[in-house]
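The structure appears below as structure tokens.
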Amino acid sequence: MNKKRVLTGVTTTGIPHLGNYVGAIRPAVRAAQADDTESFLFLADYHGIIKCHDPEMIHESTQAVAATWLSCGLDPSAPRFTAKATFLKSWSSIGF
């Protein structure tokens, strides 16, 4: 059986809102819970730098978005779930 693949993320530039929930978080959590889907979910923290130049705000927002995903039912052990900066550091040779 071929699994569908889902890739989605949320930019970490503020407190999560209803649009994040309806447009990205709820569908992604449902897909991650489906047996026929392989999910890749991320926090787009590097994208946040474009909109917000305050590192503390991005850090707080990253934690808030991660907590929101988890509180909406995401099992962190099931899908591949990471912050983009963490992913780039572990997979890139360009020295982030």
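Summary of values
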quantity	calculated
Under 13 Å, Cβ to Cβ, from E60 - net charge with Lys/Arg +1 and Asp/Glu -1	-3
Cα gyration tensor shape of segment 1-82, rounded if a/c is under 1.5, else prolate or oblate by comparing a/b with b/c	prolate
Counted charge near D36, where neighbours are those whose Cβ lies closer than 13 Å (Asp, Glu -1; Lys, Arg +1)	+2
Residue-wise HN-Hα coupling along segment 42-58, computed from phi with Karplus coefficients 6.51, -1.76, 1.60 (Hz; x: Gly, Pro)	9, 9, 7, 5, 5, 5, x, 4, 5, 8, 9, 9, 9, x, 5, 4, 5
Accessible area (Å², 1.4 Å probe, nearest 10) - S71	90
Summed residue charge, Cβ within 14 Å of L74's Cβ, Lys/Arg positive, Asp/Glu negative	+2
Under Karplus coefficients 6.51, -1.76 and 1.60, residue-wise ³J(HN,Hα) of segment 25-32 in Hz, glycine/proline x	5, 4, x, 5, 5, 4, 5, 5
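The values are calculated or read from the model by the stated rules, or taken from the named source; none is laboratory data. Just so you know, these numbers come straight off a predicted model, no measurement behind them. Heads up, the Cβs are rebuilt from the backbone with ideal geometry, glycines too, and the neighbour counts pull from every protein chain shown. Just so you know, the surface numbers come from the protein's heavy atoms only, side chains and all, with ligands and any DNA or RNA stripped out. Shrake-Rupley method; radii C 1.70, N 1.55, O 1.52, S 1.80 Å.
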